[in-house]
Amino acid sequence: MVTQHGIKYAVLLITTHFGDLVAKVCECLLRKGPLTLQAIVRFTELTSSQVKNSLLVLIQHNCVQAFILEQPGSHGDGAKLNSQYIALFNNIIHRWRFPKFLTIVSQKLDKQCVELIEALLLHGRLTLKQMSDRAKSAQNEGDDVILDAVREAFIKLLNAHFVERCPAAEPVLTKPTEEETSARKRVPKSAKILEGKETLEQRVLEAATPSEALRFLLVTRTEPAADGGKDENNSSSMTVGKKRKLDALESETEGEATDEQVVLWRANFEEFIRRLRHKAFIENVRACLDDGAVIVISAMLEATRTAEKKVKTENSVPLSLNSIYEEVIKSEEGRNITFDRVRASLVQLSCPPFVKAVNESYSIDFKKIIELAQNDEVESIVLKRYGRDAYRMFRLLSSTARLLETDKIADTAFVEKKDTTKILYKLWKDDYLHMEKLQLTGARQSQFLLWKVNKNTLWEHVLDEMFHAALNLSLRVAHELEQEKELLNLPQDKRVNRLRKVRLLLESSQMKLDDAIMLFHDF
Amino acid sequence: MSRLQGPNALKRKRPGATSDSLTEHERIVHDVIQGKQDMGISQRDMKREINLPDNLVTKCLKSLLAKNLIKEVKNIQNRGRKHFISAEFEPSNEITGGAWYVEGSLDTEYINVLKEQCWRKIYGLKVATLEGVTDAIKRSNVSQIELSKQQIEEIVKALVLDNEVMEVKSSGTGEFASIPVGKVCYKCIGKRGYGGEPKVGTMASIPCGVCPQISHCTPDGIISPKTCVYYKKWLDF
């Protein structure tokens, strides 16, 4: 879901980080979808070299991915294969989250790791050699000491999946196979329109990502004894991997240069988002249940994390009571918890249904937790904007998920009939409700109004408003900073003090709002 | 309820007594109203149904009212309009709105008292079935009128909509031990007391999240984050 204000928010970020020129190219790609270099030049009316350089910046920072689309029917006549560029909206928005990513690393790993990931976030992509050089210039210790320290920290990051190999520079996409086209046909029309563009983005990303085996593999050639064997393993595993992806990688690793100088690494956003997602689950449980339940759900997340293949996993892998307990007592606060207490917490966790129990094994219902959190967020907006009566009516419609008649709503929510219509109209006008008119001929009351919450469209609407709100917050920060220069008549300390408070409020609100955006967009 | 006795007694007396004292026109009007039974009829519809001059109908109604043969009731569908019903009938729920209405408007005070009482009973029971709440309310004499299980259900459902209580299905273990598996029961929501605000969401806690003008707001427009009055108030340090 890329909404209008989402694009504006992304473009604002690119403008502040990389300037107007790069932002113009980026906006063009976000609005028009994948384009060739020539097309971008035409649309933006910039020179070819300006566009090229902008694209290089965007690629370096993982905001754009290049790919080649094999056009159908162009096989015979020496197929004209043009590179196309696609903007990666999610990766751009992730840039707002870098402070959060850094916090995660600093909580799990040591300072050296934080510095490394900071460098990767700052520069987008680096080779191990560049990372070492960077560390060298920052410190005065002997080269070997630093090199070892960097490598050690890097391996820690790699093991935690906080870093990954960069995707292939320019994967070749073949035209959709028979299977894919028929699969697409089955999708209803409305979904097709929404998904259409995304499918291409997903396909590009999938084609570019190195195989799982390679993605987190560091090949070191400096220690001949131990690594000779490892290397062979590696090349054999490479042949198993997807051929297309390897072509690109092999061309990278070809030649005399070692991996350290050639292989580019970057921060693995997917892993960071997964960790933030887990953190959100824990916070949600904490909001309504006791510490025991929090410890149990944290342990379950810890135990099943490695089994998660994608970020938007719907359920965790089922765990037996015994294995949950085993994980619980691994943590410090879990050590004084008894077996029975864990059992009781699991019962607690099953209503509201955070955890599903099937045949004595338990799995976390991620989808449900997210759904409930999303409902809470939207309902809270309704309560604040339209009042308590509207809140009850909205909750009724949201939970029934079908059309209800005005009088029925008034009766169930205990709201005066006259007010009911007014409130429903207001909600409908602001796109919170869907309305249908039912005409009955002959009867005395000939028109009934039916109402419904259409979650798909409403959630998108709310997300767009969130992007809008986030955009406004960051614009206001910029405005405050600008204004500060002009307000020289006020005493300095008072000004500085006010600005500090204003920035703190605006920026912390923006970070919190970003959590909500992730809830609707990434989780 | 005691009033019910009067009209009923009157009804038995009526055939002889009333027909004598009624004019021909009054009888026509009365018959039409009586024919509508507990639904009654509005003055407007009556004028359409009876082929008499308006002022005559009005006159008849006045005298019928004075003779206690008909009564005026509030119709919740249209409170402004005059609505009449024959004196021997009690207006149907469709006219009065049912037990929760007084004089055609929602008795919010009564409903709120009941809501809070039901919440307290559920809170006391930890997990309660509908029968449990109904019993507890009956025993506590909160309401002078005996409330049916269905009425309690309406109140509890409203508590669910208020997000004060949640509906869960018994799992038969733990706190549900005394309740058959699969039976619907009610539990108070976690950590806050009755009437507490639910957790304020992120959007709801910033000006833009609840801004009525958000759809007109643009970076450089008349309404913009730079000139926003809500922001000004919010950032007033």
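Taking the criterion of being at positive phi and either part of a helix (DSSP H, G or I) or among the basic types (Lys, Arg) (or both), the only residue of the stretch A:18-67 that qualifies is A:19. For the stretch A:421-436, a residue qualifies if it is assigned to a helix (DSSP H, G or I) and out of contact with any strand residue (DSSP E or B) (no Cβ under 9 Å at 6 or more places or on another chain), and the qualifying residues are A:422, A:423, A:426, A:429. Looking at this structure, is residue B:197 facing chain A (nearest Cβ under 10 Å) and either of a type outside the set (S, T, N, Q) or touching a helix residue (DSSP H, G or I) at 6+ places or on another chain (Cβ under 7 Å) (or both)? The answer is yes for residue B:197. Within the stretch A:467-520, how many residues are without any contact (Cβ under 8 Å) to a residue 12 or more places away in the chain and farther than 18 Å from residue A:99 by Cβ? Of the residues in the stretch A:467-520, 19 are without any contact (Cβ under 8 Å) to a residue 12 or more places away in the chain and farther than 18 Å from residue A:99 by Cβ. With respect to the stated conditions, residue B:231 fails to be outside any loop (DSSP other than H, G, I, E, B), more than 10 Å from chain A (Cβ to nearest Cβ) and modelled with pLDDT of 85 or more.
Restricting the first member to the stretch A:45-58 and to residues that are farther than 15 Å from residue A:84 by Cβ and free of Cβ contacts under 8 Å to residues at least 12 places away in the same chain, and the second to residues that are exposed (fewer than 12 other Cβ atoms within 10 Å of the Cβ) and not small (Gly, Ala, Ser), the beta-carbon pairs closer than 9 Å and six or more apart or on different chains are A:48/A:38. Restricting the stretch A:351-382 to residues that are within 17 Å of residue A:461 (Cα to Cα) and either of a type in the set (Phe, Trp, Tyr) or free of Cβ contacts under 8 Å to residues at least 24 places away in the same chain (or both), the residue that is farthest from the other protein chains (Cβ to nearest Cβ) is A:371. Is it true that some residue in the stretch B:52-66 is in contact with a Leu (Cβ under 8 Å, 6 or more places away or on another chain) and surrounded by fewer than 15 Cβ atoms within 10 Å (Cβ to Cβ)? So far as the stretch B:52-66 goes, no, none of its residues is in contact with a Leu (Cβ under 8 Å, 6 or more places away or on another chain) and surrounded by fewer than 15 Cβ atoms within 10 Å (Cβ to Cβ).
Inspect the stretch B:219-227 for any residue being more than 10 Å from chain A (Cβ to nearest Cβ), touching a helix residue (DSSP H, G or I) at 6+ places or on another chain (Cβ under 9 Å) and more than 29 Å from residue A:409 (Cβ to Cβ) and give the result as yes or no. Yes, that holds for at least one residue. Out of the residues in the stretch A:421-451 that are at the interface with chain B (Cβ under 10 Å from one of its Cβ atoms) and under 14 Å from residue B:77 (Cβ atoms), state the one that is surrounded by the fewest Cβ atoms within 10 Å (Cβ to Cβ). It comes out as A:444.
Considering the stretch B:51-102, the residues that are among the aromatic types (Phe, Trp, Tyr) and more than 14 Å from chain A (Cβ to nearest Cβ) include one that is nearest to residue B:153 (Cα to Cα), namely B:89.
Exactly one of (1) under 25 Å from residue B:110 (Cβ atoms); (2) within 10 Å of chain A (Cβ to nearest Cβ); (3) among the hydroxyl-bearing types (Ser, Thr, Tyr) is unmet by residue B:215. Its number? Among (1) under 25 Å from residue B:110 (Cβ atoms); (2) within 10 Å of chain A (Cβ to nearest Cβ); (3) among the hydroxyl-bearing types (Ser, Thr, Tyr), residue B:215 violates only (1).
Taking the conditions (1) basic (Lys, Arg); (2) surrounded by fewer than 16 Cβ atoms within 10 Å (Cβ to Cβ); (3) part of a helix (DSSP H, G or I) in turn, residue B:81 satisfies each one other than (3). With respect to the conditions (1) among the polar types (S, T, N, Q); (2) in contact with a Phe, Trp or Tyr (Cβ under 8 Å, 6 or more places away or on another chain); (3) assigned by TED's automatic domain parsing to the domain that holds residue B:31, residue B:129 falls short on a single one, namely (3). Being among the β-branched types (Val, Ile, Thr) and in contact with a Ser or Thr (Cβ under 6 Å, 6 or more places away or on another chain) holds for only one residue in A:364, A:370, and it is A:364. Listed conditions (1) out of contact with any Phe, Trp or Tyr (no Cβ under 7 Å at 6 or more places or on another chain); (2) hydrophobic (A, V, I, L, M, F, W, C); (3) touching a residue at least 24 places away in the same chain (Cβ under 8 Å); (4) closer than 27 Å to residue A:391 by Cβ are all met by residue B:145, apart from (4). Filtering the stretch B:216-237 to residues that are loosely packed, with under 10 Cβ neighbours inside 10 Å and over 43 Å from the mean Cα position of the chain (by Cα) leaves B:220, B:222, B:236. Residue-level check: of (1) surrounded by fewer than 17 Cβ atoms within 10 Å (Cβ to Cβ); (2) assigned to a loop (DSSP other than H, G, I, E, B), residue B:76 misses just (1). Figure legend. Inter-residue proximity from the stretch A:9-22: first residues in the same structural domain as residue A:64 (by TED's automatic domain parsing), second residues of a type in the set (Lys, Arg), beta-carbon distance below 6 Å, spacing 6+ or different chains. Indicated pairs: A:13/A:95. Does any residue of the stretch B:121-140 turn out to be touching a residue at least 12 places away in the same chain (Cβ under 8 Å), part of a strand (DSSP E or B) and more than 9 Å from chain A (Cβ to nearest Cβ)? Yes, the stretch B:121-140 has at least one match.
Note on the stretch A:383-420: residues that are at the interface with another protein chain (Cβ under 9 Å from one of its Cβ atoms) and in contact with a strand residue (DSSP E or B) (Cβ under 6 Å, 6 or more places away or on another chain) amount to 1. Residues in the stretch A:473-488: is at least one surrounded by 15 or more Cβ atoms within 10 Å (Cβ to Cβ), over 30 Å from residue B:161 (Cβ atoms) and polar (S, T, N, Q)? Within the stretch A:473-488 (the criterion being surrounded by 15 or more Cβ atoms within 10 Å (Cβ to Cβ), over 30 Å from residue B:161 (Cβ atoms) and polar (S, T, N, Q)), the answer is yes, since at least one residue qualifies.
Filtered by the rule that a residue be under 25 Å from residue B:176 (Cβ atoms) and either within 14 Å of chain B (Cβ to nearest Cβ) or part of a loop (DSSP other than H, G, I, E, B) (or both), the stretch A:308-344 gives A:316, A:318, A:321, A:337, A:338, A:340, A:341, A:342, A:343, A:344.
Taken together, the criteria exclude residue B:65 from residues that are in contact with a helix residue (DSSP H, G or I) (Cβ under 8 Å, 6 or more places away or on another chain) and free of Cβ contacts under 8 Å to residues at least 40 places away in the same chain. Of the residues making up the stretch B:144-175, just one is within 8 Å of another protein chain (Cβ to nearest Cβ), of a type outside the set (Val, Ile, Thr), within 22 Å of residue A:341 (Cβ to Cβ) and buried (at least 17 other Cβ atoms within 10 Å of the Cβ), namely B:175. Name the residues in the stretch A:390-403 that are surrounded by 18 or more Cβ atoms within 10 Å (Cβ to Cβ) and in contact (Cβ under 8 Å) with a residue 24 or more places away in the chain, would you? Across the stretch A:390-403, the qualifying residues are A:390, A:393, A:394, A:397, A:398.
The values are calculated or read from the model by the stated rules, or taken from the named source; none is laboratory data. Note that the structure is predicted; figures quoted are calculated from it, not measured. In this analysis, Cβ positions are derived from the backbone assuming ideal geometry, glycine residues included, and neighbour counts consider all displayed protein chains.
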